[in-house]
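The values are calculated or read from the model by the stated rules, or taken from the named source; none is laboratory data. These numbers come from a predicted model, not from an experiment. Neighbour counts are summed over all protein chains in view; Cβ atoms, including those assigned to glycine, are modelled from backbone coordinates with ideal geometry. Heads up: the accessible areas ignore ligands, DNA and RNA and are worked out on the full protein's heavy atoms, side chains in. Shrake-Rupley method; radii C 1.70, N 1.55, O 1.52, S 1.80 Å.
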Amino acid sequence: MKRYSEKCKKNLLKNSIEKENYETAINEWHFLHEVIDNNDFADMEHSRPSCELCEHEDLRWQFVIYNMNNHNQLKVGSSCIKQFNIALLEKDGRKIYGKDRDSKINKLIKLARIDSSNKETFKLLNELCKINKNIEQNSMFIECWTQLKVNGVIEPKLALFLINNFLENNIDYSNIDIKIDVKRKINKEQIKKMNKKSLELIRPLIK
């Protein structure tokens with residue numbers, strides 16, 4: 001832990017105006033809500049990048065922290081923001097620390113995950129539309145996309161429709177994070193009417 005701490009402090013001081021006193025230097029840095037999803041670059045030959053503070057390797061999520069005095073920036077992991085108590089700076093100038101900051105960071109990750117999944121889902125739906133020229137089916141693909149984009153969830157019968165199309169066309173859909181809405185009464189009724197095979201297909205999407 002001591003080595004980890006020393007490494008982080010060394011990298012932070014190197015990029016700060018203050019070069020000696022860590023407690024002073026840390027106050028130069030703020031997190032401004034910018035999150036990088038390195039899975040967007042998963043097709044690149046090299047591995048995912050490291051945290052520029054602790055040097056931990058293969059980060060999916062990087063959080064860009066800015067030095068407000070010299071305009072340097074570092075791409076770090078969320079654990080470093082929390083460990084070294086780096087402030088989240090709101091648009092109104094308020095600095096958020098502790099549990100409130102951590103909660104906001106977790107929400108940003110959740111939103112970034114949804115966005116990443118939506119991009120992959122849209123790509124696969126596009127692929128299905130190109131394969132299938134049936135106008136009625138294509139309108140259903142559009143309805144699937146609309147529900148996921150607007151609500152973040154999809155009704156059971158549309159989820160089943162999507163899965164069957166992915167399977168029929170040998171499309172790998174393991175990287176998309178589709179969630180089925182089971183709260184509404186009409187959706188519960190859809191599930192009740194499904195046979196055992198259909199239920200097995202959609203079960204992993206009920207979260």
Using a 1.4 angstrom probe on the protein heavy atoms only, line up His56, His33 by accessible area, largest first. His56, His33
Neighbour-limited loop hits for chymotrypsin sites (Phe, Trp or Tyr not before Pro), the stretch 47-155 (at most 13 other Cβ within 10 Å; DSSP other than H, G, I, E, B): Tyr97
Using the alpha-carbon atoms, what tilt in degrees (0 to 90, nearest 10) does helix 135-151 show relative to the longest principal axis of the chain? 40
Karplus-derived 3J(HN,Hα), 6.51/-1.76/1.60, for each residue of the stretch 152-164, Hz, glycine and proline x: x, 9, 9, 6, x, 5, 6, 4, 5, 4, 5, 4, 4
A correct Karplus calculation of ³J(HN,Hα) over the stretch 51-67, with 6.51 cos²θ - 1.76 cosθ + 1.60, θ = phi - 60°, whole Hz and x for Gly and Pro, returns 5, 7, 9, 8, 6, 4, 8, 6, 7, 6, 9, 10, 10, 8, 9, 10, 8
In the stretch 72-156, taking the dipole from +1 charges on Lys and Arg beta carbons and -1 charges on Asp and Glu beta carbons about the Cα centre, the listed residue (Leu111, Gly93, Ile154) farthest towards the positive end is Gly93
Indicate the gyration tensor shape class of the stretch 43-155 (rounded, prolate or oblate), computed on the Cα atoms with a ≥ b ≥ c the square roots of the eigenvalues: a/c under 1.5 is rounded; otherwise a/b larger than b/c is prolate and the rest oblate. prolate
Suppose every K and R has +1 on its Cβ and every D and E has -1 on its Cβ; what is the size of the dipole of the stretch 145-207 about the Cα centre, in Debye to the nearest 20? 460
Quick one: pull the percent of accessible area on the chain belonging to carbon and sulfur, 1.4 Å probe, ligands and nucleic acids left out. 50
Could you tell me which trypsin sites (Lys or Arg not before Pro) in the stretch 57-148 are loop residues by DSSP with no more than 11 other beta carbons within 10 angstrom of their beta carbon? Lys91, Arg94, Lys133
Multiply the residue separation of Arg184 and Asn85 by 0.36 nm, subtract the distance between their alpha-carbon atoms, and state the gained length in nm to one decimal. 31.5 nm
Could you compute Rg(Cα) / (2.2 N^0.38 Å) for the chain, with N its residue count? 1.33
Which longest run of the chain has no exposed loop site in it, a site being GluC sites (Glu not before Pro) in a DSSP loop with at most 10 other beta carbons within 10 Å, and the site itself not part of the run? 58-207
Please report, in debye to the nearest 20, how large the charge dipole of the chain is about its Cα centre when each Lys and Arg carries +1 at its beta carbon and each Asp and Glu carries -1 there. 960
What are the principal axis extents of the Cα atoms in the stretch 121-207, in Å, biggest first? 33, 28, 26
Using the alpha-carbon atoms, what tilt in degrees (0 to 90, nearest 10) does helix 2-14 show relative to the longest principal axis of the chain? 80
Taking the radius of gyration and the Kirkwood hydrodynamic radius from Cα positions alone, what is the Rg/Rh ratio for the stretch 29-100, to two decimal places? 1.00
Principal axis lengths of the stretch 136-175 from Cα atoms, whole Å, largest first? 27, 25, 14
